[in-house]
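The values are calculated or read from the model by the stated rules, or taken from the named source; none is laboratory data. This is a predicted model, so every value here is computed, not measured. Neighbour counts are summed over all protein chains in view; Cβ atoms, including those assigned to glycine, are modelled from backbone coordinates with ideal geometry.
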Amino acid sequence: MTSHTHLEEPDILAIEFVRGLAAAPVASHPLPDPAVIWWKAQLLRRWQADRAASAPIERMRWVELAAGFASLAVFLAWQWQGLVNLVSRAIPAGLAAASSAPQVVSPMALVLITLGTASVGAMVLAALHRRLGREPY
């Protein structure tokens, strides 16, 4: 061995460890079965193709959710006064005021409120189902 007078103790230990690794015989590792390598490559190729094919669908999910919220905002702006009248009738304090001055809410507004609420609820449930039910790759 060479002289290690100018090296510190941790350096000497590291040098001896690396020399020990270099002197150790290399254990031959058997190569994996080519069929297994081919199978894994085919599986990886299929996963990548699935991701590439589903990428536009994933982007459209966000677009449809944004469109649903935008349509809800437009509907609320359009039917705001009817919604206020409907809510004021539903609140017990508003019952006395509504009986003194009856106000009419159009049946079409009630149908649109019901459909809008059901539509947004369905979109939220579908988004949650897709997010929580996604299989990890």
Assuming ASP50 fulfils every condition listed in (1) under 17 Å from ALA127 (Cβ atoms); (2) modelled with pLDDT of 85 or more apart from one, which condition is it?
-> (1)
Is it fair to say ILE37 is at pLDDT below 90 and of a type outside the set (S, T, N, Q)?
-> no
